[in-house]
Amino acid sequence: VSSPSRRTVATALAIAGAVGSRAVALDDRWRETDFGLADGLTFEDLEREAPDLARRVAEGETWIDWPDGERAGDLAARVEVAWREVAESGWDTVVVSHAGPLRIAIGLATGQRPESVEIPRPGAVIHLPVAVRG
């Protein structure tokens with residue numbers, strides 16, 4: 001299962017090929033957070049454009065309603081539904097996504113709050129229990 005972004009699809013296709021599969025399901029619920037106003041800005045630009053938001057990001061806050069973008073609750077809700085579908089499928093599944101959605105999925109799988117989950121490194125392989133918690 002992959003976010004529809006080009007880089008995640010390319011990664012998912014490479015993984016599928018390596019395990020002898022051609023099946024990659026694109027699922028928009030695994031897409032990256034819509035950062036709205038902050039999308040594409042450097043941190044310095046964000047400090048100029050939205051200093052309060054930049055401060056919150058610098059302090060490590062993860063529950064952010066992005067101005068002109070996605071609300072934190074909406075991100076959490078879409079990822080929770082996607083994760084439950086994967087976990088309840090009974091299939092071993094590889095999910096190729098982005099740090100924000102993956103932190104939420106890791107939290108759901110392990111009972112942690114997403115903000116306490118370490119940000120996954122690009123290309124990291126994380127094995128999660130499939131039992132749905134909460």
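Data table
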| read-out | value |
| --- | --- |
| For L26, residues with placed amide H under 5 Å, excluding near neighbours | S2 |
| Selected from L53, L102, L41 as most flexible by GNM, with the chain as the system and alpha-carbon contacts under 10 Å | L41 |
| Accessible surface of the chain, 1.4 Å probe, proportion on carbon and sulfur as whole % | 54 |
| Helix 72-88 axis, angle to the chain major axis (alpha carbon atoms, nearest 10°) | 10 |
| Cα centroid separation - segment 15-39 against segment 71-91, whole Å | 14 |
| 10 Å binning of all Cα-Cα separations within the chain, expressed as whole percents from 0 upward | 12, 40, 33, 13, 2 |
| Cα long-axis angle, helix 99-110 against the chain (0 to 90 degrees, to the nearest 10) | 60 |
| Chymotrypsin sites (Phe, Trp or Tyr not before Pro) lying in DSSP loop within segment 1-64, provided at most 15 other Cβ fall within 10 Å | W63 |
| Net length gained if the chain between L13 and R113 were fully extended (0.36 nm per residue, minus Cα distance) | 32.9 nm |
| Mean Cα-pair separation over length for the chain, i.e. relative contact order, pairs under 8 Å, 6 or more apart, % | 25 |
| Candidates per trypsin sites (Lys or Arg not before Pro) in segment 3-67, loop by DSSP, up to 11 other Cβ within 10 Å | R22 |
| Loop GluC sites (Glu not before Pro), segment 39-75, which have at most 12 other Cβ atoms in a 10 Å radius of their Cβ (DSSP) | E59, E61 |
| Accessible area of the chain divided out per residue, in Å², using a probe of 1.4 angstrom | 63 |
| Degrees, to the nearest 10: 6-18 long Cα axis against longest axis of the chain | 20 |
| Overall form of segment 5-58 per C-alpha gyration tensor (a/c, 1.5; a/b vs b/c) | prolate |
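The values are calculated or read from the model by the stated rules, or taken from the named source; none is laboratory data. Values in this document were obtained by computation on a predicted structure and should not be read as measured data. Don't worry about glycine lacking a Cβ; one is built from the backbone with ideal geometry, like all the others, and counts go over all protein chains shown. When the accessible area is computed, the model is the full protein with side chains, heavy atoms only, and any ligands, DNA or RNA have been set aside. Shrake-Rupley method; radii C 1.70, N 1.55, O 1.52, S 1.80 Å.
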